[in-house]
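Below you'll find the structure, written out as structure tokens, and then a few comments.
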Amino acid sequence: MSSEGAIFDLDYRRYEGERTGRAKVRWAIVRDGVRKVLGLRRKARRKVLPWGLIILAVLPAIAIVGFQVFTQGLGADELLEDLIPGHADYFGFTYQLTFLFIALATPELLIPDRVSNVLTVYASRPLTLLDYLVARVGSLLMVVLAFTLIPQIVLYLGGAVLSGDLVGHLTGNLDLLWKIPTGSLAVFATQAGVAFIISAYARRRGIAAGIYIGFTIISGGVAFGLAETVNRWFAIIDLQAHASVLIAEIFGQENIAEGTALTEQGISPWVSIIAVVAIAAAASVLLYRRYRKLM
Amino acid sequence: MADPIIATAGLNMSFGDVHALQDVDLEVPAGRIGLVGANGAGKSTLIKILLGMLNPTGGATEVYGTSAQRHPLAVRSRVGYMPEGDCFPPDQSAADFVSYTAELGGLPASESRQRASEVLTLVGLAEERFRDLGEFSTGMKQRAKLAQAIVHSPELVLLDEPASGLDPDGREDMLNLINRLGDFGMSVVFSSHVLGDIERTCDWVVMLNEGRLLRNEPLAAIRASNAVQVVLLDDPAPAVAALEARGARVRAADRTLDVEFDTGDPFVEIRDVLAETGVGLRSLGSKQTTLEDVYLAEEEYTV
């Protein structure tokens, strides 16, 4: 053991290492956004809603796989096949939850930064407004993808294990590998734009979520009514219907979009694609213009 | 002057009819720079222009020889900024937030956490660093704001009213911290309307009033004065008249006179005048000019 002691005054140590580029800075903002949305490194009450919705989205998938395990030896496979929801049906279920998840997550990404004046800190760092906005949208995309993909992965792997032919199940359902992420993207593209615009102006998270939920529900009812009574093209203002139509097209299951204003009026799925692209483009422009005044 | 760290030429900034800055020409060396002026003088506007956060309506700004308007990101990578108002997410801990701002400043994630911890210790928040920022007092918030401004090792730190809202002890601590920043090799621009704070911490002064540049020079040059202060025992009127007759500029406040001669030895002249008029003398000495004297004199001149 050394008999000599040493006292180190750490004081202020200049950082002399390499600086990261803007891509890493954007990635830092994405990770910060994911933590915000999921309430990570925050008090427990911030975790209740997001994790409650995640559990609600995943639990039925686990239950379905469990039910399949339980009924596997009963010899009623054909009967049960009609009863047990597949990937597309499950998408139809999680889609409703995704709508709520986006309603809660988007205000969390934009409003605290603006209301608490954290934008000043971003504006003083070597990053652009576009870096900030793209990263914030990226955060939402990541959590929405995870939200929709995790239960699908549970179903997919559960089905593979239960089939007794792991490789055969995986190779026989390769189409799901593009259908599931594309479906998730369609849900995100349909819903996130309006949610971001509302959050760019609202000052309170709860109010932003309420306005978004109200707007989406009311737009569905109004679209139905006006399409029936005034002009069939009013059906296109039903935001949720566009996502249903796109998911139905991606999975080739028309029943998912049945009963929506769009299908009732016989409007082509191409119109939904154009509408979703237009909404996303308009929302991007409006969001940028709004934040250009703030940052 | 060695290479200036900040240079502006013909800088103008208007918000509608309000002229926040008018024809500001500056060259400022490295060191501790005090940016002085009353509220609304244009201090915060100048700081935001230096960061490239605002685009001036006219003129040019360079920080370390780089145009803040054309290459704002290059400037910001060398500069830290402590805004005047709050800038915190209330539900995040100081350690998390400062670490995050280090990453925004270009430090790797692995280094940021360690740096945040060190800098929060430096500003006196070691114990409180895991508490949510929303629970911080005003003094703690000011320290945390300073921490986020320096965590990424900037060469220049712009501090906008860092001592505002602090109690006397908090102000003292903040001024000591600002003094230490200079010792760490950082240049500091310290904006304040409290002239005493600038005198205690800075070696260069930029003085603004209603958007116009009043002074831009070393504090020592501002303090240097030819004036002599005379405190009299009797009615000063005869002495004032005699001094003015000898060509002196005299400013009288009650029985205290500030006397300036363009030529000759003022002490000899004053001795002769007092002997001549018989006015009693209480004290005589060189006048110590304060920033307040200069500011008031300049303000009077410009009004």
Of the residues in the range B:177-206, those that are touching a Phe, Trp or Tyr at 6+ places or on another chain (Cβ under 9 Å), more than 14 Å from chain A (Cβ to nearest Cβ) and of a type in the set (Val, Ile, Thr) come to B:Ile198, B:Thr201
Residues that are more than 14 Å from chain B (Cβ to nearest Cβ) and under 24 Å from A:Arg26 (Cβ atoms): which helices (runs of 4 or more DSSP H) entirely in the range A:108-220 hold 1 or more of them?
-> A:129-163, A:176-201
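For the range B:17-25, check the following and say yes or no: at least one residue is within 14 Å of another protein chain (Cβ to nearest Cβ), of a type in the set (Asp, Glu) and more than 27 Å from B:Ala221 (Cβ to Cβ). It would help to see each step written out before you state the result.
The initial filter retains those residues of the range B:17-25 that are within 14 Å of another protein chain (Cβ to nearest Cβ), namely none.
The answer is no, given that none of the residues of the range B:17-25 is within 14 Å of another protein chain (Cβ to nearest Cβ), of a type in the set (Asp, Glu) and more than 27 Å from B:Ala221 (Cβ to Cβ).
On the given criteria, is A:Leu40 part of a loop (DSSP other than H, G, I, E, B) and at pLDDT 90 or above? Lay out the reasoning, then the answer.
Values: part of a loop (DSSP other than H, G, I, E, B): yes; at pLDDT 90 or above: yes.
Yes, satisfied.
Among the residues of the range A:261-295, what is the count of those that are among the aliphatic types (A, V, I, L, M), within 21 Å of A:Ile218 (Cα to Cα) and not in a helix (DSSP H, G or I)?
Within the range A:261-295, the first condition is being among the aliphatic types (A, V, I, L, M), and the residues that meet it are A:261-262, A:267, A:271, A:273-283, A:285-287, A:294-295.
From what is left, the residues that are within 21 Å of A:Ile218 (Cα to Cα) are A:261-262, A:267, A:271, A:275-276, A:278-280, A:282-283.
The next check asks that each one be not in a helix (DSSP H, G or I); those that pass are A:267.
Going through the range A:261-295 one residue at a time, the tally reaches 1.
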Could you list, in sequence order, all residues of the range B:48-107 that are of a type in the set (Phe, Trp, Tyr), crowded, with 24+ Cβ neighbours inside 10 Å and under 22 Å from B:Ile5 (Cβ atoms)?
-> B:Tyr81
Expected single match for within 14 Å of chain B (Cβ to nearest Cβ), assigned to a helix (DSSP H, G or I) and not basic (Lys, Arg) among A:Val65, A:Val48 is A:Val48
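Can you say whether B:Val151 is out of contact with any Gly (no Cβ under 6 Å at 6 or more places or on another chain), in contact (Cβ under 8 Å) with a residue 40 or more places away in the chain and assigned by TED's automatic domain parsing to the domain that holds B:Arg282, as far as the supplied structure shows? Walk me through it before giving the result.
Values: out of contact with any Gly (no Cβ under 6 Å at 6 or more places or on another chain): yes; in contact (Cβ under 8 Å) with a residue 40 or more places away in the chain: yes; assigned by TED's automatic domain parsing to the domain that holds B:Arg282: no.
Against the criterion (out of contact with any Gly (no Cβ under 6 Å at 6 or more places or on another chain), in contact (Cβ under 8 Å) with a residue 40 or more places away in the chain and assigned by TED's automatic domain parsing to the domain that holds B:Arg282), B:Val151 does not qualify.
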Starting from the range B:53-75, keep only residues that are closer than 18 Å to A:Val121 by Cα, then list their pairs with residues that are small (Gly, Ala, Ser) whose Cβ atoms are within a distance under 6 Å, requiring at least 6 positions of separation or different chains.
-> B:Met53/A:Ala123; B:Ala68/B:Gly52; B:Pro72/B:Gly52; B:Val75/B:Gly52; B:Val75/B:Ala68
Scan the strands (runs of 3 or more DSSP E) fully inside the range B:210-303 and keep the ones with 3 or more residues being surrounded by 15 or more Cβ atoms within 10 Å (Cβ to Cβ) and under 20 Å from the mean Cα position of the chain (by Cα).
-> B:212-218
Would you check if B:Glu172 is open to solvent by 10 Å² or more (accessible area, probe 1.4 Å) and more than 25 Å from B:Ala9 (Cβ to Cβ)?
-> yes
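Looking at the range A:90-100, is at least one residue more than 17 Å from the chain's Cα centre (by Cα) and either on the phi < 0 side of the Ramachandran plot or surrounded by 14 or more Cβ atoms within 10 Å (Cβ to Cβ) (or both)? Please lay out each step first, then the result.
First, pick out the residues of the range A:90-100 that are more than 17 Å from the chain's Cα centre (by Cα): none.
The answer is no; no qualifying residue exists.
Here's a check for you: in the range B:108-127, which residue that is in contact with a Ser or Thr (Cβ under 9 Å, 6 or more places away or on another chain) and within 14 Å of B:Ala149 (Cβ to Cβ) is nearest to the other protein chains (Cβ to nearest Cβ)? Before the answer, list the steps.
Keep residues of the range B:108-127 that are in contact with a Ser or Thr (Cβ under 9 Å, 6 or more places away or on another chain), which gives B:108-109, B:112-117, B:126.
Those left that are additionally within 14 Å of B:Ala149 (Cβ to Cβ): B:115-116.
On the way: B:Arg115: 6, B:Ala116: 12 Å.
That would be B:Arg115.
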Conditions (1) more than 13 Å from chain A (Cβ to nearest Cβ); (2) farther than 19 Å from A:Met295 by Cα; (3) not hydrophobic (A, V, I, L, M, F, W, C); number of the one not met by B:Thr66 = (1)
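Each row is one residue, and each column tells you yes or no for (1) within 14 Å of another protein chain (Cβ to nearest Cβ); (2) farther than 17 Å from B:Tyr81 by Cα.
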| site | (1), (2) |
| --- | --- |
| B:Gly134 | yes, yes |
| B:Thr138 | no, yes |
| B:Ala144 | yes, no |
| B:Asp169 | no, yes |
| B:Glu172 | no, yes |
| B:Leu175 | no, no |
Since B:Glu269 meets every condition but one in (1) at pLDDT 90 or above; (2) out of contact with any Phe, Trp or Tyr (no Cβ under 8 Å at 6 or more places or on another chain), which condition does it not meet?
-> (2)
Within the bounds of the range B:125-141, is there any residue that is buried (at least 20 other Cβ atoms within 10 Å of the Cβ) and within 27 Å of B:Gly65 (Cβ to Cβ)?
-> no
Determine whether the range A:238-260 contains at least one residue that is touching a helix residue (DSSP H, G or I) at 6+ places or on another chain (Cβ under 7 Å), in a helix (DSSP H, G or I), β-branched (Val, Ile, Thr) and open to solvent by 60 Å² or more (accessible area, probe 1.4 Å).
-> no
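Filter the range B:228-252 down to the residues that are in contact with a helix residue (DSSP H, G or I) (Cβ under 8 Å, 6 or more places away or on another chain) and not β-branched (Val, Ile, Thr), then identify the one that is nearest to B:Ser283 (Cα to Cα).
B:Leu232
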A:Arg45 fails exactly one of the following numbered conditions: (1) in contact with an Asp or Glu (Cβ under 7 Å, 6 or more places away or on another chain); (2) open to solvent by 20 Å² or more (accessible area, probe 1.4 Å). What is the number of that condition?
-> (1)
Candidates B:Ala60, B:Ala102 - the one that is farther than 30 Å from B:Asp132 by Cβ and assigned by TED's automatic domain parsing to the domain that holds B:Ala149 | B:Ala60
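The values are calculated or read from the model by the stated rules, or taken from the named source; none is laboratory data. In this text the structure is predicted, and so the values were computed from the model without any measurement. Virtual Cβ from ideal backbone geometry, glycine too; neighbours counted across all protein chains shown. We work out accessible area using only protein heavy atoms, side chains counted, and drop any ligands, DNA or RNA first. Shrake-Rupley method; radii C 1.70, N 1.55, O 1.52, S 1.80 Å.
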